[in-house]
Amino acid sequence: MFERLAELASEHAELERALADPSVHADPDQARTLAKRYAELTPIVSAYREWQQVGEDEAAALELAKEDPAFAAEAEELAGHRAELTERLRKLLVPRDPNDERDTILEVKAGEGGEESALFASDLLRMYLRYAERHGWKTEVIDSTATGLGGIKDATVAVKTGRGGAGAWSRLKYEGGVHRVQRVPVTESQGRIHTSAAGVLVLPEADPVDVQISDNDIKVDVFRSSGPGGQSVNTTDSAVRITHLPTGIVVSCQNEKSQLQNKEQALRVLRARLLSQAEADADAKASAERKAQVRTVDRSERVRTYNFPENRISDHRVGYKAYNLDQVIDGDLDGVIDALAAADLEAKLAEG
């Protein structure tokens, strides 16, 4: 680990020299790339330098303790601090998810459970919109299909972080999978608790430069938008369905007023799906992680359960359990996401 840290410190020093050279800034793209790498290395190198300094101070205290026992306590304190810094460095050296800076495309789909599942899907959508609001992220509903009682069959939302801070993907990537709800549906007259499910799929948003789509590879169909129960909400054929012929991926969008706007939104979702698929094909581990997301929205294939009678949320991947479901469903998701992020970090540390 410390051989690698020495190499990173050397690279950091070289980047510092390069960024001080005015000629480097004549090429904005190169300067931006170097500055990004410099910013990534700075916290690691700072911690490494502190670790080195503490080690030198500890060695000096141990030497002085041979003549004056009063320095023994200081040496012990420094040893504890050095151990903390060692652990911090181990965590800083864990390979970062290259998509963590990206914005996110999030899809929610009703599954088994009929209208109750659609209502639960609507609750999940609101939960994510509120979570984004709490973090100051911008959201945009790209497409949604409503049901008669106010639920949703499916919805696609873009979540944008804006400048500064980690991307929405760094937090929302843990939400993919089948979410199960246990509660008394509004349609239940006998007061019995029902179980239903909805699926969540999370994708890092792709820039046009990341995924180029040829017009020859897509089939574009247009149709008339419609609301719940077949009620027409548009008198022109403005809704768009795009089929990506090489992969068979199909994306529809009908929320915008014009056919051109709906096509652009559908292409946006298609790019995100193609980026995710390309990464899964290139990385077997990433593929395994994505298989843990939505395949079939089956009640048995669940990542999380929302039990309303007990006000309990349980995440089955990490054994997380809390009795604040009312707060979670209102967008207070950080507790469960922190638990998932910590488990992910521990798994990566164990591998490394």
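The set of residues in region 49-76 that are loosely packed, with under 12 Cβ neighbours inside 10 Å and of a type in the set (D, E, K, R) comprises GLU56, GLU63, LYS66, GLU67, ASP68.
Of all residues in region 22-43, exactly one satisfies the criterion of being free of Cβ contacts under 8 Å to residues at least 24 places away in the same chain, acidic (Asp, Glu) and surrounded by 11 or more Cβ atoms within 10 Å (Cβ to Cβ), namely ASP27.
Here are some residues: VAL328, VAL318. Which one is at pLDDT below 95 and of a type outside the set (Gly, Ala, Ser)? Lay out the reasoning, then the answer.
Values: VAL328 fails: at pLDDT below 95.
From the options VAL328, VAL318, the qualifying one is VAL318.
Scan region 83-119 for residues that are in contact with a strand residue (DSSP E or B) (Cβ under 8 Å, 6 or more places away or on another chain) and part of a loop (DSSP other than H, G, I, E, B) and report the count. Don't jump to the end; show me each part of the working.
First, the residues of region 83-119 that are in contact with a strand residue (DSSP E or B) (Cβ under 8 Å, 6 or more places away or on another chain): 99, 102-114, 116-118.
Now restrict to residues that are part of a loop (DSSP other than H, G, I, E, B): 99, 102-103, 111-113.
Total meeting the criteria: 6.
Considering each of THR147, THR104 in turn, give the residue that is touching a helix residue (DSSP H, G or I) at 6+ places or on another chain (Cβ under 6 Å), β-branched (Val, Ile, Thr) and surrounded by fewer than 20 Cβ atoms within 10 Å (Cβ to Cβ).
Numbers: THR104 fails: surrounded by fewer than 20 Cβ atoms within 10 Å (Cβ to Cβ).
None of the other options fit; the residue is THR147.
Look at (1) modelled with pLDDT under 95; (2) small (Gly, Ala, Ser); (3) assigned by TED's automatic domain parsing to the domain that holds ARG271 and you find that SER122 fails only one, number (1).
Taken over region 174-216, the criterion of being surrounded by 15 or more Cβ atoms within 10 Å (Cβ to Cβ) and of a type in the set (Asp, Glu) is satisfied by GLU175, GLU205. As a summary of the residue check, THR161 satisfies the conditions (1) within 18 Å of ARG130 (Cβ to Cβ); (2) out of contact with any Gly (no Cβ under 7 Å at 6 or more places or on another chain) except for the one numbered (2). Residue-level check: of (1) in the same structural domain as ARG49 (by TED's automatic domain parsing); (2) out of contact with any Leu (no Cβ under 8 Å at 6 or more places or on another chain), ALA75 misses just (2).
For region 120-139, a residue qualifies if it is outside any helix (DSSP H, G or I) and closer than 15 Å to GLU175 by Cβ, and the qualifying residues are HIS135, TRP137, THR139.
Against the definition (basic (Lys, Arg), in the same structural domain as MET127 (by TED's automatic domain parsing), in contact with a strand residue (DSSP E or B) (Cβ under 6 Å, 6 or more places away or on another chain) and farther than 22 Å from PHE308 by Cβ), how does LYS160 come out, yes or no? Against the criterion (basic (Lys, Arg), in the same structural domain as MET127 (by TED's automatic domain parsing), in contact with a strand residue (DSSP E or B) (Cβ under 6 Å, 6 or more places away or on another chain) and farther than 22 Å from PHE308 by Cβ), LYS160 qualifies.
Just to be sure I understand, how many residues within region 140-159 are of a type outside the set (Val, Ile, Thr), assigned to a strand (DSSP E or B) and over 18 Å from the mean Cα position of the chain (by Cα)?
Step one: of region 140-159, the residues of a type outside the set (Val, Ile, Thr) are 140, 143-144, 146, 148-151, 153-155, 158.
Adding the requirement that they be assigned to a strand (DSSP E or B) leaves 140, 143-144, 146, 153-155, 158.
Adding the requirement that they be over 18 Å from the mean Cα position of the chain (by Cα) leaves 143-144, 146, 153-154.
Total satisfying the criteria: 5.
The one condition from (1) modelled with pLDDT of 90 or more; (2) in contact with a Phe, Trp or Tyr (Cβ under 8 Å, 6 or more places away or on another chain) that ASP237 does not meet is (1).
Exactly one residue out of GLU140, GLU133, GLU107 is of a type in the set (Asp, Glu) and without any contact (Cβ under 8 Å) to a residue 40 or more places away in the chain: that is GLU140. Looking only at residues of region 289-303 that are within 21 Å of PRO204 (Cβ to Cβ) and among the charged types (D, E, K, R), we find that the one that is modelled with the lowest pLDDT is ARG295.
The values are calculated or read from the model by the stated rules, or taken from the named source; none is laboratory data. Source: prediction; values computed, not measured. Because the Cβ atoms are built from the backbone with ideal geometry, glycine has one as well, and the counts that use them run over all protein chains shown.
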